[in-house]
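Student: Structure incoming, see below.
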Amino acid sequence: MNAYRRAAFVVAMLCAMGASIASAQGNSQGKGHKSSAPSQNALPTVAAAPIVGASPIAWLDDATIMPVGSMALTLSAMRWSGSDLSEVDVPIIDAAVAVTPRVQFGVSVPRVVGSSDLGGGLGTSYISGKIAILNDPSGAKLAVAPMVRILGSDAAAALLPGEGRAQFGLPVNAEVSRGTARFYASTGFFTGSVWFVGVGTGLQPSPRVGVSAGLTRSWAPSGADGLTRDRLEFSGAASYLLSPQIGVYGALGQTIGTTPENGAGTTISGGVTFLLNVLSTK
């Protein structure tokens, strides 16, 4: 119960942080800014690195499938800061469940606080699957992760004429494990000619502690305003298991060589993950 009380405290702190920042930023999400916040950008951004033992909901992912019947439920908060704009997402709800040894499904739904659309609302959400193609005893793995990306209203405003708000994506994930270290890479596309590629590495120095880092890039044809759409970002994270079923994490991301119009800025996020057994494996 002590671990559950600590997890509840983390969740309460995340919600309080989001409410505090939202009230402080006031109308900073209004029009006339040069920066483009994540909820206003059609380029995909990367979710934080996973808790040790859990699989993230993101297009930069490993190729590991969770044990059959297990579920990872993550509650988190994120703050992005650009040159003249900031944004808070809280809560962000991520869930993944493994239904067979080779297949798992996931969903990610963020709530944008203080957005330009009169107080926020749902941000860009994902519904995804992950199908294991290769799981070699040597540690080499390969998976495909078809997903539907549903743009929030602000991101949809940046679409080219004829582009739909719901986009299909097909990431391909590769992973190699060596002892407590993992190396993984993802590449693929979303409809609307949005492409992405990323590489990452993770290390588990102890059974309870995990650290990871990644470099990602996403790009697309010029938008209706004629500006090139290109985003490059480096991110790092650390996680800690309070118990076999509960973990917490913190992450930091920073864009590199990215223009304000494409979401240049710094992202800080943190959350708590619950590892559950929800399906019978008999």
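The values are calculated or read from the model by the stated rules, or taken from the named source; none is laboratory data. Because the structure is a prediction, the values reported are computed rather than measured. All Cβ positions, glycine included, derive from the backbone under ideal geometry; neighbour counts span all protein chains shown.
Student: Just need a number here: residues in region 54-80 that are assigned to a strand (DSSP E or B) and buried (at least 18 other Cβ atoms within 10 Å of the Cβ).
Tutor: Start the filter on region 54-80 by keeping residues that are assigned to a strand (DSSP E or B), which leaves 70-80.
Subset that is buried (at least 18 other Cβ atoms within 10 Å of the Cβ): 70-72, 74-80.
So the count comes out to 10.
Student: Hey, can you tell me all the residues within region 178-187 that are in a strand (DSSP E or B) and without any contact (Cβ under 8 Å) to a residue 60 or more places away in the chain?
Tutor: Those that are in a strand (DSSP E or B) and without any contact (Cβ under 8 Å) to a residue 60 or more places away in the chain: ARG178, ALA181, PHE183, ALA185, THR187.
Student: Moving on to the next point. For residues in region 166-181 being within 18 Å of VAL107 (Cα to Cα) and surrounded by fewer than 14 Cβ atoms within 10 Å (Cβ to Cβ), which is modelled with the lowest pLDDT?
Tutor: As a first pass, look at region 166-181 and keep what is within 18 Å of VAL107 (Cα to Cα): 166-173.
Still in the running and surrounded by fewer than 14 Cβ atoms within 10 Å (Cβ to Cβ): 166, 168.
Values: ALA166: 86, PHE168: 92.
Step by step, filter region 166-181, then rank; the result is ALA166.
Student: Is it the case that some residue within region 139-148 is modelled with pLDDT of 80 or more, of a type in the set (Val, Ile, Thr), outside any loop (DSSP other than H, G, I, E, B) and more than 26 Å from VAL68 (Cα to Cα)?
Tutor: no
Student: Oh, and also: If you go through region 230-251 one residue at a time, how many are of a type outside the set (Asp, Glu), over 24 Å from GLY179 (Cβ atoms) and touching a Gly at 6+ places or on another chain (Cβ under 6 Å)?
Tutor: Residues that pass the stated criteria total 3.
Student: Which count do you get for residues in region 67-90 that are at pLDDT below 90 and of a type in the set (A, V, I, L, M, F, W, C)?
Tutor: Total meeting the criteria: 1.
Student: Further question: For region 260-270, state whether one or more residues are over 18 Å from the mean Cα position of the chain (by Cα), under 20 Å from PRO38 (Cβ atoms), polar (S, T, N, Q) and surrounded by 14 or more Cβ atoms within 10 Å (Cβ to Cβ).
Tutor: no
Student: Counting only residues that are out of contact with any Pro (no Cβ under 7 Å at 6 or more places or on another chain) and assigned to a strand (DSSP E or B), how many does region 188-210 have? Steps first, answer last, please.
Tutor: Keep residues of region 188-210 that are out of contact with any Pro (no Cβ under 7 Å at 6 or more places or on another chain), which gives 189, 191-192, 195, 197-210.
Then keep just the ones that are assigned to a strand (DSSP E or B); that gives 189, 195, 197-203, 209-210.
Result for region 188-210: 11.
Student: Moving on to the next point. Within region 230-264, can you find the residues that are not in a strand (DSSP E or B) and not polar (S, T, N, Q)?
Tutor: Residues satisfying the conditions are PRO244, ILE256, GLY257, PRO260, GLU261, GLY263, ALA264.
Student: Would you check if there is a residue in region 91-105 being within 20 Å of THR266 (Cα to Cα) and either of a type outside the set (D, E, K, R) or modelled with pLDDT of 95 or more (or both)?
Tutor: Yes: one or more hits.
Student: Would you be able to say whether some residue in region 194-216 is farther than 30 Å from PRO244 by Cβ and modelled with pLDDT under 90?
Tutor: Looking for residues that are farther than 30 Å from PRO244 by Cβ and modelled with pLDDT under 90, one finds at least one in region 194-216, hence yes.
Student: Here's another thing I want to ask about it. Given the criteria touching a His at 6+ places or on another chain (Cβ under 9 Å), surrounded by fewer than 17 Cβ atoms within 10 Å (Cβ to Cβ) and of a type outside the set (Lys, Arg), does PRO244 qualify?
Tutor: For PRO244, the condition - touching a His at 6+ places or on another chain (Cβ under 9 Å), surrounded by fewer than 17 Cβ atoms within 10 Å (Cβ to Cβ) and of a type outside the set (Lys, Arg) - is not met.
Student: Then there is this: Here is a list of conditions, (1) out of contact with any Pro (no Cβ under 7 Å at 6 or more places or on another chain); (2) at pLDDT 60 or above; (3) crowded, with 20+ Cβ neighbours inside 10 Å; (4) outside any strand (DSSP E or B), and SER116 meets all of them except one; can you say which number that is?
Tutor: The one condition SER116 does not meet is (2).
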